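**Q** Can you keep this structure in mind? I'll have questions shortly.
The values are calculated or read from the model by the stated rules, or taken from the named source; none is laboratory data. Note that the coordinates shown come from a computational prediction; the quantities given were computed from them, not determined experimentally. Here the Cβ positions follow ideal geometry from the backbone for every residue, glycine too, while neighbour counts run over all protein chains shown. Areas reflect the complete protein model, heavy atoms only, side chains present, ligands, DNA and RNA absent. Shrake-Rupley method; radii C 1.70, N 1.55, O 1.52, S 1.80 Å.
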Amino acid sequence: MKIEFAQSAQSTLGVEWELALVDRYKGDLVSVANQVLRGVAANHPELQEDEEHPHIKQELLLNTVELVTGICHTVADAKADLSRSLAAVREVTDPMGVELFSAGSHPFSVPRSQPVTDKERYFKLIDRTQWWGQQMVIYGVHVHVGLDRRDKAMPVLDGLVNYVPHFQALSASSPFWGGDDTGYASQRSLMFQQLPTAGLPFQFPSWAEYESYVQDMFTTGVIDAVNEIRWDIRPVANLGTIEMRVCDGLSTLQDVGAIAALTQCLVDEFSTTLDNGGTIPTMPPWHVQENKWRAARYGMEAIIILDAQGNEQLVTDHLVEVLDRLQPVAKKLGCVEELGDVEKILTRGAGYQRQRRIAAEHDGDLSAVVLDMVAQLRE
């Protein structure tokens, strides 16, 4: 099959941010997304597209709303877009006594008790995946970056795969699951990969081989639509982008901007390498798989594999080197400040570390953990 790749300006940006809806005082999940979306529509009728706000969307569960930016040229533009959508949601949720937070998971909810959005594709997913699908009380941040040529998609995907542990460590924010400390920095990343076609991407030398894979998925009934391929990193042909989907939910707009800047800079660097006739190094799949597990388990303390030769380094030390290397790219793209915010995550720690600290300070009360994340987003 032939998959057309939409025209897109190189290194344009789009961000998707999943937010949980919780009770203001107890931190329990509340399944009021339909009421929230109706309220937003009533407040902003001029923005509706097919009875839906263009930047505030439904998700799998009724305890979730997703903020989606338009096409942005800078990370600052994307943050401003998200901030406007966040304000529109709060116009509705504040009078309801509902708060918002984002992390990889909700620390103490019972996953199977969460109602699913009334859409056929969601019911079909749950019916097919059963117990695993019923566990998907998870939240993430996705970053799209435009590519100006289709033949860049697979090499850029290969390049981003090398940085899966970096993004996972920076964003890891799901240590608790159903009230228990899992011992992992990111329970979400290992839970989500249990769904069909989710997890680490296959790596193909050419677009034609990717097209052949997609045809096989249709022929064998694995998928009914291309977007059912839920890889951690994937090409999105109808948008002309590469999509980074590794990250756990992030609790602040500043952190979302930091991850967006790192993604945009890496994709632009890879694109320039290809424009100049260069190639992007790859690693064996078993190294990539091990790196993902290490980052999910140990977060910022993960020692990761750097190359096909098996050289290793602490992920935070390597990130410092990467940030230094990307400074000229950030200057070109106008995201020096936002890329610098990655260093702030390195300095203060990731979300999973803060969650464990707050839990310890409150004698294991995980409601305090949720309310702390609510406060972070407020601030």
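**Q** Would you point out the residue of the stretch 199-212, among those that are part of a loop (DSSP other than H, G, I, E, B) and touching a Phe, Trp or Tyr at 6+ places or on another chain (Cβ under 6 Å), that is most open to solvent (accessible area, probe 1.4 Å)?
**A** Checking each candidate, the answer is Phe204.
**Q** A further question on this structure: Is it true that Glu59 is open to solvent by 40 Å² or more (accessible area, probe 1.4 Å), more than 17 Å from Leu82 (Cα to Cα) and among the acidic types (Asp, Glu)?
**A** It is false that Glu59 is open to solvent by 40 Å² or more (accessible area, probe 1.4 Å), more than 17 Å from Leu82 (Cα to Cα) and among the acidic types (Asp, Glu).
**Q** Moving on to the next point. Which residues, taken from the stretch 267-282, are among the aliphatic types (A, V, I, L, M) and either in a helix (DSSP H, G or I) or within 19 Å of the chain's Cα centre (by Cα) (or both)?
**A** Val267, Leu274
**Q** Read through the list (1) in a helix (DSSP H, G or I); (2) open to solvent by less than 40 Å² (accessible area, probe 1.4 Å), then give the number of the only condition that Leu195 fails.
**A** (1)
**Q** Could you please find all residues in the stretch 163-186 being open to solvent by 30 Å² or more (accessible area, probe 1.4 Å) and within 11 Å of Ala295 (Cα to Cα)?
**A** Correct list: Tyr184 only.
**Q** Among the residues of the stretch 62-86, write down those that are open to solvent by 10 Å² or more (accessible area, probe 1.4 Å) and either in a loop (DSSP other than H, G, I, E, B) or among the acidic types (Asp, Glu) (or both).
**A** Those that are open to solvent by 10 Å² or more (accessible area, probe 1.4 Å) and either in a loop (DSSP other than H, G, I, E, B) or among the acidic types (Asp, Glu) (or both): Leu62, Glu66, Thr69, Gly70, Ile71, His73, Thr74, Asp77, Asp81.
**Q** Does the stretch 343-355 contain any residue that is in contact with a Phe, Trp or Tyr (Cβ under 6 Å, 6 or more places away or on another chain), assigned to a helix (DSSP H, G or I), more than 25 Å from Thr273 (Cα to Cα) and not basic (Lys, Arg)?
**A** No, because not a single residue in the stretch 343-355 is in contact with a Phe, Trp or Tyr (Cβ under 6 Å, 6 or more places away or on another chain), assigned to a helix (DSSP H, G or I), more than 25 Å from Thr273 (Cα to Cα) and not basic (Lys, Arg).
**Q** Among the charged types (D, E, K, R) and modelled with pLDDT of 95 or more, is that true of Asp81?
**A** It is true that Asp81 is among the charged types (D, E, K, R) and modelled with pLDDT of 95 or more.
**Q** Mind checking which residues of the stretch 7-26 are open to solvent by less than 30 Å² (accessible area, probe 1.4 Å) and part of a loop (DSSP other than H, G, I, E, B)?
**A** Result: Ser8, Ser11, Thr12.
**Q** Out of the stretch 327-376, which residues are of a type in the set (A, V, I, L, M, F, W, C) and under 30 Å from Gly146 (Cα atoms)?
**A** Hits for the stretch 327-376 are Val329, Ala330, Leu333, Cys335, Val336, Leu339, Val342, Ile345, Leu346, Ala350.
**Q** Ok, one more. Examine the stretch 291-305 for a residue that is charged (D, E, K, R), open to solvent by 50 Å² or more (accessible area, probe 1.4 Å), farther than 30 Å from Phe204 by Cβ and touching a strand residue (DSSP E or B) at 6+ places or on another chain (Cβ under 8 Å), and state whether such a residue exists.
**A** Yes, the conditions are met somewhere in the stretch 291-305.
**Q** Hey, another quick one. Residues being assigned to a loop (DSSP other than H, G, I, E, B) and either open to solvent by less than 10 Å² (accessible area, probe 1.4 Å) or not aliphatic (A, V, I, L, M) (or both): count how many of those fall in the stretch 213-266.
**A** 15
**Q** Restricting to the stretch 340-373, what's the tally of residues that are closer than 11 Å to Gly27 by Cα and crowded, with 19+ Cβ neighbours inside 10 Å?
**A** Number satisfying all stated conditions: 6.
**Q** Another question about this same structure. On the given criteria, is Ala330 of a type outside the set (Phe, Trp, Tyr), open to solvent by less than 90 Å² (accessible area, probe 1.4 Å) and not in a helix (DSSP H, G or I)?
**A** Answer is no for this residue.
**Q** A follow-up question, please. Cβ-Cβ under 6 Å, sequence separation 6+ or interchain: first residue in the stretch 234-255 and within 17 Å of Val164 (Cα to Cα), partner surrounded by fewer than 19 Cβ atoms within 10 Å (Cβ to Cβ) and β-branched (Val, Ile, Thr). Which pairs?
**A** That search, which allows pairs on different chains as well, returns nothing.
**Q** Suppose we filter Asp158, Asp180 for residues that are touching a residue at least 60 places away in the same chain (Cβ under 8 Å), more than 14 Å from the chain's Cα centre (by Cα) and at negative phi; which single one remains?
**A** That would be Asp158, the only listed residue that is touching a residue at least 60 places away in the same chain (Cβ under 8 Å), more than 14 Å from the chain's Cα centre (by Cα) and at negative phi.
**Q** Which one is most open to solvent (accessible area, probe 1.4 Å) among residues in the stretch 88-129 that are of a type in the set (S, T, N, Q) and at pLDDT below 85?
**A** Ser113
**Q** Return yes when Phe192 is farther than 26 Å from Gln10 by Cα, among the aromatic types (Phe, Trp, Tyr) and without any contact (Cβ under 8 Å) to a residue 60 or more places away in the chain and no when it is not.
**A** yes
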